[in-house]
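Have a look at the structure below, then the notes.
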Amino acid sequence: MLKGLRDRLHTSLDDLDCARLQDRFACLSITPIADAPMRQPIVVGGEIKRVLIAPHNGMATLEIVVGDGTGTVTAVFSGRRHIAGLDHGRAVVLEGVAHDVKGKRVILNPAYTLLP
Amino acid sequence: MRVVIAGGGSVGKFIAEQLHEGGHEVLIVDNDHATVARALKNNEPKGVAWFEADACEIAALADANLDKADVVAAVTGDDEDNLVISLLAKQEFGVPRVVARVNNPKNEWMFNETWGVDVSVSTPHLITGLVQEAVTEGSFVRLLNFEGGKAQLAEVTLADTSPANGQEIGELGFPRDANIVAVVRGDRVIMPRPDTILRVHDEVIVLVTAEAGDDVRRLLIG
C-alpha cells in the first residue's frame, strides 16, 4: 500500500488522469481510441475534454474532443450549436467512421450514447 | 489513386477517361440501367469500370468500396444527389477528398464542408469569371477559391486610372497576405520580381487571402 502511495505521488496529474480514464473505459466492450482504425466503422468512448462551437463557412459547427486516456477523437456535429447532454466532463460512447483531418482523428456526425 | 465517380453522364465519362489516361483506377457508379448497359457494350470510356447502383444509398457505396477510395467525385446532374453522395462519402467512409459539381448556381453556398464537400465546381460561376476577365478592366475577378474561400486566385487588368501603373512591384507596399504570382503583358507571361514595373493593361494575377483583399483592390484598382 505504501508503494502504491509513493507511485501516486511520483506520477504527474496528466498520467493519473490517463490511468483513471483507461480504467473507466477498459471494461466497456469498445475500442481504445489509440487503436481505432481510420475509415472503418468504430465504437469508441471517453470523457468530453473540450466543447467548442467553430463556425465553418458561416455555419455553426459543434466540435467535441473526447479522450479515453489512450488518445483523443474529435466529434464534429455540423449545423449544431449545442446538443443537450454533450457537456464538458460527460462520458460518452461514439459510433461512426473516423478520418484524418490534419493529424486529428475526426468523426463526422457520430451516433452518441450518454453514459451515467 | 482509386477514384469513384458518381454519375455516368457526359461529365462523369469525360472525367473518368481523363483520369484513366492519367493512370488512376476509376469506377463510375450510375443507377440508369440503359446508360450502364450501353457503356459496357461499347466499352467506353476504355478501361473504366462501371457499377449499376444508386450512389445515394450507403449499401451501394459500400459495394463500390468507398472505404478504399482516395477521391470521390459527385458529378450527377442533380444537386441534391451530389450533396447526399458527398455527405455519405465523408461521413460514412471518411473519403479524404470529395469533389462535387454544382448544377444550379443558387445552390453553390451549400457545397462546403458542412455537406462533406472539399472542393466544389460550379460551371456558371466559372463562366462568369471568364467572361468578366475578358471584358472588364480595373476590377477584381475571382478565378479560383481555395480552403473554402479563405484564399483565392484573382485577376486584375490594370486600367488607365490604376495607381499601380509605372510602379515597381517592390514599391507597391503589397500586404504580407497577398502575392502577385504572374503578370500577363500581351502574349508574354512575366514572372514578377520586386523590380518588375507594372504597366497599364497588364493582367496581374494575385494570390490573396480574404483579409488582404481590400488592400490589394486599393493598390491595384484605386
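Checking each residue of region A:4-23 against the condition of being closer than 18 Å to A:Thr113 by Cα, assigned to a strand (DSSP E or B) and at pLDDT 80 or above gives no match.
Candidates are the residues of region B:70-92 that are surrounded by fewer than 24 Cβ atoms within 10 Å (Cβ to Cβ) and touching a helix residue (DSSP H, G or I) at 6+ places or on another chain (Cβ under 7 Å); the one that is farthest from B:Val11 (Cα to Cα) is B:Glu92.
How do the strands (runs of 3 or more DSSP E) wholly within region B:7-82 filter down when requiring 1 or more residues that are within 14 Å of chain A (Cβ to nearest Cβ): which remain? Let's see the steps before the verdict.
Details: elements: B:25-30, B:49-52, B:71-74.
Per the criteria, B:71-74.
Would you confirm whether or not region B:84-99 contains a residue that is within 14 Å of chain A (Cβ to nearest Cβ), of a type in the set (S, T, N, Q) and either out of contact with any Ser or Thr (no Cβ under 8 Å at 6 or more places or on another chain) or assigned to a loop (DSSP other than H, G, I, E, B) (or both)?
Start the filter on region B:84-99 by keeping residues that are within 14 Å of chain A (Cβ to nearest Cβ), which leaves B:84, B:86-98.
Among the residues that remain, those that are also of a type in the set (S, T, N, Q) are: B:86, B:91.
Narrowing the set further to residues that are either out of contact with any Ser or Thr (no Cβ under 8 Å at 6 or more places or on another chain) or assigned to a loop (DSSP other than H, G, I, E, B) (or both) leaves B:86, B:91.
Yes; the residues of region B:84-99 include at least one that is within 14 Å of chain A (Cβ to nearest Cβ), of a type in the set (S, T, N, Q) and either out of contact with any Ser or Thr (no Cβ under 8 Å at 6 or more places or on another chain) or assigned to a loop (DSSP other than H, G, I, E, B) (or both).
The residue that is nearest to the other protein chains (Cβ to nearest Cβ), among those in region A:16-68 that are within 11 Å of the chain's Cα centre (by Cα) and basic (Lys, Arg), is A:Arg50.
Which condition from (1) surrounded by fewer than 17 Cβ atoms within 10 Å (Cβ to Cβ); (2) touching a strand residue (DSSP E or B) at 6+ places or on another chain (Cβ under 6 Å); (3) closer than 25 Å to A:Asp14 by Cβ; (4) away from every other protein chain (no Cβ under 13 Å) is the one that A:Lys104 breaks? (4) is the only condition that A:Lys104 fails.
Counting only residues that are assigned to a loop (DSSP other than H, G, I, E, B), in contact with a helix residue (DSSP H, G or I) (Cβ under 8 Å, 6 or more places away or on another chain) and not polar (S, T, N, Q), how many does region A:72-116 have? Spell out the reasoning first.
Residues of region A:72-116 that are assigned to a loop (DSSP other than H, G, I, E, B), as a first pass: A:79-90, A:102-103, A:109-110, A:115-116.
Cutting the leftovers down to in contact with a helix residue (DSSP H, G or I) (Cβ under 8 Å, 6 or more places away or on another chain) gives us A:79, A:109.
Add one more test, that the residue is not polar (S, T, N, Q), and what stays is A:79.
Looking only at that region, the number is 1.
Quick check, is B:Ala182 modelled with pLDDT of 90 or more and among the small types (Gly, Ala, Ser)? Walk me through it before giving the result.
Working: modelled with pLDDT of 90 or more: yes; among the small types (Gly, Ala, Ser): yes.
When the stated conditions are applied, B:Ala182 passes them.
Quick grid of which residues meet (1) at pLDDT below 90; (2) surrounded by 17 or more Cβ atoms within 10 Å (Cβ to Cβ); (3) not polar (S, T, N, Q):
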position: A:Arg39; (1), (2), (3): no, yes, yes
position: A:Val44; (1), (2), (3): no, yes, yes
position: A:Asn57; (1), (2), (3): yes, no, no
position: A:Leu62; (1), (2), (3): no, yes, yes
position: A:His82; (1), (2), (3): no, no, yes
position: A:Leu115; (1), (2), (3): yes, no, yes
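Restricting attention to region A:24-37, the residues that are in a helix (DSSP H, G or I), modelled with pLDDT of 90 or more and either more than 19 Å from A:Leu94 (Cβ to Cβ) or not charged (D, E, K, R) (or both) total 2.
Take the residues of region B:125-177 that are of a type in the set (A, V, I, L, M, F, W, C), modelled with pLDDT of 80 or more and not assigned by TED's automatic domain parsing to the domain that holds B:Leu207: which is nearest to the chain's Cα centre (by Cα)? Ranking the candidates gives B:Leu126 first.
The values are calculated or read from the model by the stated rules, or taken from the named source; none is laboratory data. None of the values given here were measured: they were computed from a predicted structure. Cβ: placed from backbone, ideal geometry, glycine included. Neighbour counts: every protein chain shown.
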